[in-house]
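Note sheet for the following structure.
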Amino acid sequence: MLMKNIKENKIQIYSVFFFLFLWQIISQYIINDPLILPSVSDVIKAFFELSGSIPIDIAVSLLHLSTGLFFALIIGIPIGALMGWYRSADQFFNPIIEMLRPIPPLAWIPFAIIWFGLSDYSAGFIILIGALFPILTNTYTGFRNTPLVLVEAAKVLGCKKNINLIKYIALPSSFPYILSGIRISIGIGWMCVVAAEMFGLDNYGFGNVGVGNMLWQYYALHMMDRVALYMLILGVIGILMDRLLKHAEANLLKWKKGTNIRQI
């Protein structure tokens, strides 16, 4: 098992180096125009030039992500649970959800600015819109797919109130779906960061900072090496968050693997 993991990691490392090598060759010898495609060496140079400000940009963007995700959780999980458990709630909320869900988060930017101004709340709102519906729909699916046999068994054992059935049966049964929804929502919310920060914010008193904000500022200055750098930062952080969530999900859902007969 250990050797298999080492082999898989080697392949992934080789893949990254091959991509960087190909990028360097194309940018330096084929395109040869840093405005169209900066080289890897240009991006590395930009990284060392901006190494003092990058941590602040990342921290502010993660705060925006956390704000939007927090409200997506406290709105999406209860509504999804109600829709999945109560048919009347499903009939009430479903037309509203299906009408709002296809609207892209970027389309809400004008209203975000009017409602919240050029503030951190605007960025949080855009991220909320992007992160809300995966959490809501996955929670709904989880509650709707709660095994009937578990519900009936709980009723036989005296758990007959809806609140208790939700607490002890539906919620634990739906937990894998909810975790998957959270994982998808974090990915979509992180993609929304660039759009959420594009119009300039106070950024918790730090001024014009943030990964998305700086990406747009450097684009306006035609400093494409720094634009590429911040794009890579977005990608690397996205991968790290996904790996951490996958690891947490595997640990939290060990019970799904079943009981090992050798331990009985």
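Annotations for the structure displayed:
- Qualifying residue in the stretch 25-46 (condition: surrounded by 12 or more Cβ atoms within 10 Å (Cβ to Cβ), part of a helix (DSSP H, G or I), in contact with a Gly (Cβ under 9 Å, 6 or more places away or on another chain) and of a type outside the set (D, E, K, R)): no
- Test: Ser61 is polar (S, T, N, Q), crowded, with 16+ Cβ neighbours inside 10 Å, assigned to a helix (DSSP H, G or I) and touching a helix residue (DSSP H, G or I) at 6+ places or on another chain (Cβ under 6 Å): yes
- Residues that are within 11 Å of the chain's Cα centre (by Cα) and modelled with pLDDT under 90 within the stretch 191-237 comprise Met191, Cys192, Val193, listed in sequence order.
- Pair list, Cβ under 7 Å, 6 or more apart: the stretch 15-34 residue on the phi > 0 side of the Ramachandran plot, other residue surrounded by 12 or more Cβ atoms within 10 Å (Cβ to Cβ) and in a helix (DSSP H, G or I): none
- Helices (runs of 4 or more DSSP H) within the stretch 92-194 that include 3 or more residues small (Gly, Ala, Ser) and surrounded by 23 or more Cβ atoms within 10 Å (Cβ to Cβ): 120-144
- Counting only residues that are without any contact (Cβ under 8 Å) to a residue 40 or more places away in the chain, over 25 Å from Ile186 (Cα atoms) and aliphatic (A, V, I, L, M), the stretch 38-74 holds 2 of them.
- A single entry from Gly84, Gly80, Gly124 fulfils the requirement of being in contact (Cβ under 8 Å) with a residue 60 or more places away in the chain, over 30 Å from Asn213 (Cβ atoms), touching a Ser or Thr at 6+ places or on another chain (Cβ under 6 Å) and not acidic (Asp, Glu): Gly80.
The values are calculated or read from the model by the stated rules, or taken from the named source; none is laboratory data. This is a predicted model, so every value here is computed, not measured. Note: ideal-geometry Cβ built from the backbone for every residue, glycine included; neighbour counts use all protein chains shown.
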